[in-house]
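The values are calculated or read from the model by the stated rules, or taken from the named source; none is laboratory data. The shown structure was predicted, so the numbers you read here are calculated from the model rather than taken from an experiment. Every residue, glycine among them, receives a Cβ derived from its backbone with ideal geometry; neighbour counts consider all protein chains shown. Protein only, heavy atoms only, side chains kept; ligands, DNA and RNA dropped before computing areas. Shrake-Rupley method; radii C 1.70, N 1.55, O 1.52, S 1.80 Å.
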Amino acid sequence: MRKIDPFVRFAAQVSYTPHEEYAVAPDKRLFIFLNDNGYIDVGGDRVKTENGLAVYIPAGVPYRFIGEGALTFIAVNFDLTHYRCEHTAPFGRRLTPSSEYDKGSDPEYTEELSSPFSVGLSGAVEQGRLLTDEYFSKKPYFSEKLSAILKGLIFEMLREKENCPFSEVDKRLKSAVGFIEQNYSDDIKSTDIAAAAGYHPYHLSKLFIKHLGVSPHAYLNRVRLSCAERLLISTDLPITAVSAESGFNSTVSFTKNFKEKHGITPSAYRSRYTKTI
């Protein structure tokens, strides 16, 4: 993190009328919103805009703006280092991700800035306006001053992110887990879980794996098997009924998943553990 020396490629206040199309940038993006009449969707994660909301988006992550009217924000296009500073003009929008701009292309890539995040930050608008004023001034050392201003702003955003007792990710993951634990016996799908959390299924899967170590489907399977284990030991329900009560769509699927976890069939599990009680 100490080696971050941002290269600001573009900074300006923008008034933008949203449309449904996603954009994918080959460099980093920072948006500081000045009004609250819309949303920004980053990789399937929708966030309500508000004055002072600062949104960081790494290269290669799809995003789009949503709203009825024009959104006003300060847009900053940049890299974390001067590694590609020979590209001085603003990069245009790319509508499909490119491996050319994945994290490996930046020698000063940092884990803290590997994922998009947003924070409401006091002073973000003022710092954003300092960036735009300096960018258009073209005074001596303007590039160095832009780097210094942006570096300070990035660290303020990271500090604010760390100070939040429960991040938006934590809240949404908790919503997804709660939805699974309340509805596991129904025929729910990954899209249903994602909708309950307000995420795109692909994005939710990445967050589950990162924070919980398993995909949403694997977590759902885990909850269903725990229910089945409880029913096998505490009730006399037939195996078919245990399977249905636990949310499995067939006894064959239930038995297969159960054997993968325990190495024995549900009937053998029941015999083994009810005898020891």
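Descriptive notes on the structure:
- Of all the options T72, T265, T132, the one that moves most in a Gaussian network model of the chain with Cα springs shorter than 10 angstrom is T265.
- Each of Q182, L131, M157 was scored by the projection of its Cα onto the charge dipole of the stretch 124-183, and the greatest displacement toward the positive side belongs to L131; charges sit on the C-beta of Lys, Arg, Asp and Glu.
- At an R0 of 45 angstrom, the distance between the Cβ atoms of V214 and E68 translates into a FRET efficiency of 0.70.
- Expressed as a whole percent, the accessible surface of the chain that belongs to carbon and sulfur atoms is 52, based on a 1.4 Å probe.
- Extreme residue, positive dipole direction of the stretch 185-277, given options N249, A197, I233 (C-beta unit charges): I233
- Max mean-square fluctuation residue, GNM over the chain, Cα-Cα springs under 10 Å, options N37, N183, N163: N163
- Positive-end residue, the chain charge dipole about Cα centroid, Cβ charges, pick of F208, I264, Y141: I264
- Helix 201-212 axis versus longest C-alpha principal axis of the chain: approximately 80°, rounded to the nearest ten.
- The charge dipole of the chain, taken about the Cα centre with unit charges on the Cβ atoms of Lys, Arg (+1) and Asp, Glu (-1), comes to about 800 debye, rounded to the nearest 20.
- Helix 142-163 axis, angle to the chain major axis (alpha carbon atoms, nearest 10°): 30
- Taking the C-alpha atoms only, the angle from helix 251-262 to the longest principal axis of the chain is near 80 degrees.
- Using a probe of 1.4 angstrom and keeping all protein chains present, the accessible surface of the chain works out to 53 square angstrom per residue.
- With 25 Å as the limit, the listed pairs K210/K256; K174/K210; K28/K138; K28/K189 have K210/K256; K28/K189 beyond it between alpha carbons.
- For the stretch 17-40, the residues whose backbone nitrogen is under 19 Å from a point 7 Å from the Cα of Y83, taken along Cα to Cβ, are 25-30.
- With an a/c value of 1.5 or above and a/b larger than b/c for the gyration tensor axes a ≥ b ≥ c computed over the alpha-carbon atoms, the stretch 120-277 is described as prolate.
- Counting charges near G263 (Lys, Arg +1; Asp, Glu -1) among other residues having Cβ under 13 Å from its Cβ returns a value of +3.
- Taking a ≥ b ≥ c as the square roots of the eigenvalues of the alpha-carbon gyration tensor, the chain is classed prolate because a/c is 1.5 or more and a/b outweighs b/c.
- Between S175 and F136, the simple label model (points 7 Å from Cα in the Cβ direction) yields a spacing of 3.8 nm.
- Considering only alpha-carbon pairs that sit under 8 angstrom and 6 or more positions apart, the relative contact order computed for the chain is 17 percent.
- Extension gain (nm, one decimal) between R222 and A23, 0.36 nm per residue minus Cα-Cα: 68.0 nm
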